[in-house]
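Student: Take this structure first; my questions come after.
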Amino acid sequence: MITANVRAAVLDIEGTTGSAAHVYDVMFPYARARLADWFADHRDDPCHAELLVEIAESTGSVVDEREAVQVLTAWADADAKAAPLKRVQGLIWAEGFADGTLTGHVYPDVPPALRAWHAAGIAVYIYSSGSVSAQRNWFRRSSEGDLSGLLRGHFDLGNAGSKTEVASYRSITRAIAVEPHLTVFLSDRVGELDAAAAAGWHTVAVRRPEDPSVPTGDHPLVTALDQIALTAHRPAAPVGPGSPTSTDEDSPS
């Protein structure tokens with residue numbers, strides 16, 4: 001059993017709280033097949049124009065709708081961690097979640113862990129390459145029911161940065177206002193764990209038996225979240241006049 005005394009837990013999704021196979025075999029193909037249709041159906045949506053701008057900024061050249069779909073398709077085939085791709089995937093998935101076609105896969109050991117940490121007063125956040133909107137839909141319409149109420153917030157490539165950059169974890173530290181040494185990060189990717197550790201966070205590597213294994217480096221390893229016992233850090237009570245731990249000698253004369 002791995003133990004840690006923390007105020008915040010930050011969790012990855014793919015390969016950590018949910019199956020990587022579900023992402024690659026269900027979610028990614030669903031979005032890829034609907035890229036052209038989504039752009040054609042949302043020409044009056046502000047997101048349409050915004051995505052064209054974001055793709056142009058990423059590629060360094062102006063793109064029209066057809067070229068945007070080509071770029072996004074190429075990024076999808078390469079599993080690129082490109083913010084415009086992640087954004088449009090989230091928009092497409094939102095429609096699938098809304099009509100019941102899609103659900104977010106969550107391992108059965110995850111809900112009990114989230115509930116226990118939430119009840120203990122530990123703030124739980126999600127940090128994934130997938131967009132914040134996609135993350136919210138994933139946990140709101142998960143295979144284990146609506147878990148959204150157990151999560152304090154979400155971080156993605158847009159509001160935090162690359163998951164392999166130390167600066168991203170420092171940015172999250174500022175956003176959640178929790179000291180690095182009181183934050184734990186769970187992921188199946190050693191590069192992400194290394195970056196979090198370099199930012200001063202506790203780290204735990206998660207290796208799900210059915211998902212591709214990854215090296216753990218110097219990080220403690222679990223195969224399920226029920227192998228982690230988190231306790232909520234409580235600030236030490238102040239010692240002073242009138243406090244339960246003060247003495248007469250402590251009082252001013």
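The values are calculated or read from the model by the stated rules, or taken from the named source; none is laboratory data. None of these values were measured; they are calculated from a predicted model. Heads up, the Cβs are rebuilt from the backbone with ideal geometry, glycines too, and the neighbour counts pull from every protein chain shown. For the accessible areas, the whole protein counts, side chains as well, though only heavy atoms, and no ligand, DNA or RNA atoms are used. Shrake-Rupley method; radii C 1.70, N 1.55, O 1.52, S 1.80 Å.
Student: Got a sec? Which of ALA9, ALA80 is free of Cβ contacts under 8 Å to residues at least 12 places away in the same chain, closer than 30 Å to THR183 by Cβ and open to solvent by less than 40 Å² (accessible area, probe 1.4 Å)?
Tutor: Values: ALA9 fails: free of Cβ contacts under 8 Å to residues at least 12 places away in the same chain.
None of the others qualify; the one that does is ALA80.
Student: Being out of contact with any strand residue (DSSP E or B) (no Cβ under 8 Å at 6 or more places or on another chain) and among the β-branched types (Val, Ile, Thr) narrows it down to one of VAL106, VAL63, so name that one. Don't jump to the end; show me each part of the working.
Tutor: Working: VAL106 fails: out of contact with any strand residue (DSSP E or B) (no Cβ under 8 Å at 6 or more places or on another chain).
So the residue among VAL106, VAL63 that is out of contact with any strand residue (DSSP E or B) (no Cβ under 8 Å at 6 or more places or on another chain) and among the β-branched types (Val, Ile, Thr) is VAL63.
Student: When the residues of region 163-190 are filtered to those that are within 27 Å of VAL88 (Cβ to Cβ) and exposed (fewer than 15 other Cβ atoms within 10 Å of the Cβ), which remaining residue is farthest from the chain's Cα centre (by Cα)?
Tutor: Per the stated criteria, the residue is ALA167.
Student: Also: Within region 12-21, is even one residue within 24 Å of ARG136 (Cβ to Cβ) and open to solvent by 70 Å² or more (accessible area, probe 1.4 Å)? Can you show your working first?
Tutor: Residues of region 12-21 that are within 24 Å of ARG136 (Cβ to Cβ), as a first pass: 12-21.
Imposing the further condition that a residue be open to solvent by 70 Å² or more (accessible area, probe 1.4 Å) reduces the set to none.
Looking through region 12-21, none of the residues is within 24 Å of ARG136 (Cβ to Cβ) and open to solvent by 70 Å² or more (accessible area, probe 1.4 Å).
Student: Note down all Cβ pairs under 7 Å where the first residue falls in region 23-48 and is of a type in the set (D, E, K, R), the second is surrounded by 16 or more Cβ atoms within 10 Å (Cβ to Cβ) and in a loop (DSSP other than H, G, I, E, B), and they're at least six residues apart or on different chains.
Tutor: none
Student: Now for a separate question. Return the pairs, sorted by first residue and then second, in which the second residue is outside any helix (DSSP H, G or I) and open to solvent by 40 Å² or more (accessible area, probe 1.4 Å), the first residue lies in region 55-70 and is over 18 Å from ARG32 (Cβ atoms), the beta carbons are less than 8 Å apart, and the residues are 6+ apart or on different chains.
Tutor: ALA56/VAL62
Student: Taking region 186-210 as the search range and keeping residues that are in a loop (DSSP other than H, G, I, E, B) and out of contact with any Pro (no Cβ under 9 Å at 6 or more places or on another chain), which one is modelled with the lowest pLDDT?
Tutor: This residue is GLU210.
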